[in-house]
Structure formats: structure tokens, C-alpha cells
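Presented below is the structure to which this report refers.
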Amino acid sequence: MALPFLFLLFLLPSLISLLPLAESQLTVNYYDKSCPKFPQIIQQVINDKQLRAPSTAGATVRLFFHDCMVEGCDASLLISSNTFNKAERDADVNLSLAGDGFDLITRVKTALELECPGIVSCSDILATATRDLIVMVGGPNYPVLLGRKDSFVSKAEHVEGNIAKPTMPLSQILSIFASKKFSVQEMVALSGAHTIGFSHCNQFSHRIFNFSKTSEYDPAYNPKFAKGLRSLCANYTIDPTMAAFNDVMTPNKFDNMYYVNLQRGLGLLDSDQTFAVDKSTKPFVDMYAANQTKFFQDFAQAMGKLSFLDVKTGSLGEVRHRCDAFNTLKA
């Protein structure tokens, strides 16, 4: 269920109040005159793509998150590497990003370039597509302010230390989010995006095979869940594309089941399960498990805040002709 329209009216001024000076140039109606069909075009493309490939929503949300956490929401993650530059998307932590997210942005950009060439930035496309897909699969609506420009830089070496990995200790994960000005509660709310999408077996294989001398799998897992994962991922070393849904109960629906799963030992990743037991995060897991409305409200607020992270405006960026390449090749 989407948030009521009145909540959107309440959320918009509170989000605008969070904007530093550069980001205050963003507006909800940025393309009303220069590309008036922007909302309709992006909605049509994402509808078609999501219906054909249901993994698109989770893939796009993760793509947006990984982009914003490294030097801001500037589409730097969409750049392809070349002879002169190893780009962000080829950093180790980004190699598992699903292709459906990249493909969607390419499709939207192509359609928009036919309608209004050189107008809509790739970073605005990614931010809007993420919100629209969340709503499409049952999640909360929230305003997306527009006017971002695309980055001039994308380097793989800039990624390390900015993206939380599931095997990191919680203290390190909290530190990464704190460096972006996110509270513990906002981090737990954003983690609720794991209610959709999937993770490859190699990201949690250490929890289900040869876990310890006394247990084949992590005892924090529900035993039946662990056995199911062991069967699913039995050949993951042969086929590295093998994966499991992050939310085994309602994998294609955006809801609060992710938090309920954590309480039941159904958290797929190390970091997920840690949230359910650590004293700093457990109260928020329990609150969101019991109250989906509260989760939706806090998630929407946190996503709005994420979408402003170190955005580029004016001469600090460009509107790319193609989302996977800078307008000018840089040696």
C-alpha cells in the first residue's frame, strides 16, 4: 500500500528542509517545461521491464543505493570501464549487481533521448525509477526532487569503505552510515529494502557450509531454512549465478516481512541477522516487524534523505548522452 497523498504533502517540506545549498536547487517540477512527458515515459518503461523481469525492482534499488553511497547520487556507478579507467561498477563489491537495473536505466534513457534529447540526467532517471519501482511492488511513495547532474568521475578505487558488506562487523557498518549522516534507525529502515531482491550464494555460503567444528550451518538460521539454502546452493562453486531471495516469504512484495523474517531466523545475510540481536538495532527491527506503517514512513524519509546525498548541480556535473559513458572521453 502506498502512503496517503497527505503524507506526501507532509514529507515534501521536511525533505526540502534537509537540503544544503547546492541540493536546494532540486525541485519536483524540474522537467515540467523542458521534458513534460518525463513521468509518463519513465513509468511506461519500468512497467514493461518489471512485468517481464520481476527482479528489476530489487536490482534497481540496490543500484541506486550503491551509487549514492559513493560520492553521492550522481550516476557514477553507471559508467563503463575503458582502457584509461576502471570505473565504480567494476569494483569487487559491485560485481554482483544484477544486470536488470543497468538495463532498465539504459532503456529509460534511450526513450527520453528520443523525446527530449540532452535534457534528463541519468542520476534523475535512477532516483525516479527507484521510487516508482518501490511503489509498483507495494512500497511507500515519496517525493523525488529533480535537477541532479551526472558525475565527471567514476573510479573503482573510490568504492572501498563506502559500501557496507554483509560480513562486516556491525560497528563498521554503523560507521559507514554515520559518515553519511545516517542514524542507526535510518540504517535499519533502509535495510528494509532487502524485502525485495536476491543475494548470490557466495555471499552467505560460509553460513551454510562448514560453519564450525560443531555445526554445518550457522545456528542463528532457522534449521529448515538452512537446509533449504544448503540444497539450493549445493553447486554454487560451479555456477556462481545461483542466488536466494532476500525475503523468502514475500520476495516480490515490498512489505515489512524482512523484519519478521529476522525474528524467525530467516535473515539471509550476516548483517541482516545481526540487526535482530544487537541491542542498538534490535528495537528498530522489532518495531518495524510489528508496524508496517511506521516502517513505510521511516523508509520513505530515509530514502528521500539518501537521494540528496552529495548531488551535483550546475557546472559540477553534466547531462550525459549515454548513461554508461561521459560526454567527453577522459584519459
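The values are calculated or read from the model by the stated rules, or taken from the named source; none is laboratory data. Everything numeric in this text was worked out from a predicted model, so none of it was measured. Reconstructed Cβ throughout: ideal geometry from the backbone, glycine too, with neighbour counts over all protein chains shown. Just the protein is used for accessible areas: all its heavy atoms, side chains included, with ligands, DNA and RNA removed. Shrake-Rupley method; radii C 1.70, N 1.55, O 1.52, S 1.80 Å.
Consider segment 253-273. How many of its residues are within 20 Å of the chain's Cα centre (by Cα) and part of a helix (DSSP H, G or I)?
Here the count works out to 9.
Here segment 3-30 is the region considered, the condition is being polar (S, T, N, Q) and either modelled with pLDDT of 55 or more or in a helix (DSSP H, G or I) (or both), and the residue that is surrounded by the fewest Cβ atoms within 10 Å (Cβ to Cβ) is 29. The residues of segment 80-120 that are touching a Cys at 6+ places or on another chain (Cβ under 8 Å) and either open to solvent by less than 50 Å² (accessible area, probe 1.4 Å) or part of a loop (DSSP other than H, G, I, E, B) (or both), listed by number, are 105, 109, 112, 116, 119, 120.
Could you run through segment 311-326 and say how many residues are under 21 Å from the mean Cα position of the chain (by Cα) and either basic (Lys, Arg) or surrounded by fewer than 17 Cβ atoms within 10 Å (Cβ to Cβ) (or both)? Full working, then the answer.
Within segment 311-326, the first condition is being under 21 Å from the mean Cα position of the chain (by Cα), and the residues that meet it are 311-312, 323-324.
Cutting the leftovers down to either basic (Lys, Arg) or surrounded by fewer than 17 Cβ atoms within 10 Å (Cβ to Cβ) (or both) gives us 312.
Counting residues in segment 311-326 that are under 21 Å from the mean Cα position of the chain (by Cα) and either basic (Lys, Arg) or surrounded by fewer than 17 Cβ atoms within 10 Å (Cβ to Cβ) (or both) gives 1.
A quick yes/no check of all residues on (1) modelled with pLDDT of 95 or more; (2) aromatic (Phe, Trp, Tyr); (3) within 22 Å of the chain's Cα centre (by Cα):
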residue: 230; (1), (2), (3): yes, no, no
residue: 242; (1), (2), (3): no, no, yes
residue: 275; (1), (2), (3): yes, yes, yes
residue: 279; (1), (2), (3): yes, no, no
residue: 285; (1), (2), (3): yes, no, yes
residue: 292; (1), (2), (3): yes, no, yes
residue: 298; (1), (2), (3): yes, no, yes
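Residue count for segment 31-64 satisfying the condition of being in a helix (DSSP H, G or I) and of a type in the set (Phe, Trp, Tyr): 2. Residues that are in contact with an Asp or Glu (Cβ under 9 Å, 6 or more places away or on another chain) and open to solvent by less than 70 Å² (accessible area, probe 1.4 Å) within segment 231-253 comprise 246, 247, listed in sequence order. The residues on offer are 74, 67, and the sole one that is out of contact with any Leu (no Cβ under 8 Å at 6 or more places or on another chain), modelled with pLDDT of 95 or more and either among the charged types (D, E, K, R) or open to solvent by less than 30 Å² (accessible area, probe 1.4 Å) (or both) is 74. Filter segment 132-153 down to the residues that are among the hydroxyl-bearing types (Ser, Thr, Tyr) and under 18 Å from the mean Cα position of the chain (by Cα) and list them by number. 142, the sole residue that qualifies. Return the residue satisfying two criteria in turn: it lies in segment 209-228 and is under 27 Å from the mean Cα position of the chain (by Cα) and in a helix (DSSP H, G or I), and of such residues it is nearest to residue 297 (Cα to Cα). Per the criteria, the residue is 225.
Among the candidates 232, 269, which residue alone is of a type in the set (A, V, I, L, M, F, W, C) and closer than 27 Å to residue 131 by Cα? Matching residue, one of 232, 269: 269.
Tell me yes or no: at least one residue of segment 192-208 is outside any strand (DSSP E or B), in contact with a Phe, Trp or Tyr (Cβ under 8 Å, 6 or more places away or on another chain), open to solvent by 20 Å² or more (accessible area, probe 1.4 Å) and at pLDDT below 95. Yes, the conditions are met somewhere in segment 192-208.
Give the residue that is farthest from residue 121 (Cα to Cα), with candidates limited to residues of segment 277-302 that are among the aliphatic types (A, V, I, L, M) and open to solvent by less than 10 Å² (accessible area, probe 1.4 Å). Looking at the filtered set, the residue picked out is 285.
With the condition kept exactly as written, say whether any residue in segment 51-60 is modelled with pLDDT of 95 or more, of a type in the set (Val, Ile, Thr) and either over 20 Å from the mean Cα position of the chain (by Cα) or closer than 16 Å to residue 300 by Cβ (or both). No, segment 51-60 contains no residue that is modelled with pLDDT of 95 or more, of a type in the set (Val, Ile, Thr) and either over 20 Å from the mean Cα position of the chain (by Cα) or closer than 16 Å to residue 300 by Cβ (or both).
The condition (being part of a helix (DSSP H, G or I), without any contact (Cβ under 8 Å) to a residue 24 or more places away in the chain and of a type in the set (D, E, K, R)) is satisfied by just one residue among 294, 305: 294.
Selection within segment 165-186: residues that are without any contact (Cβ under 8 Å) to a residue 60 or more places away in the chain and not in a loop (DSSP other than H, G, I, E, B). The member of this set that is least open to solvent (accessible area, probe 1.4 Å) is 177.
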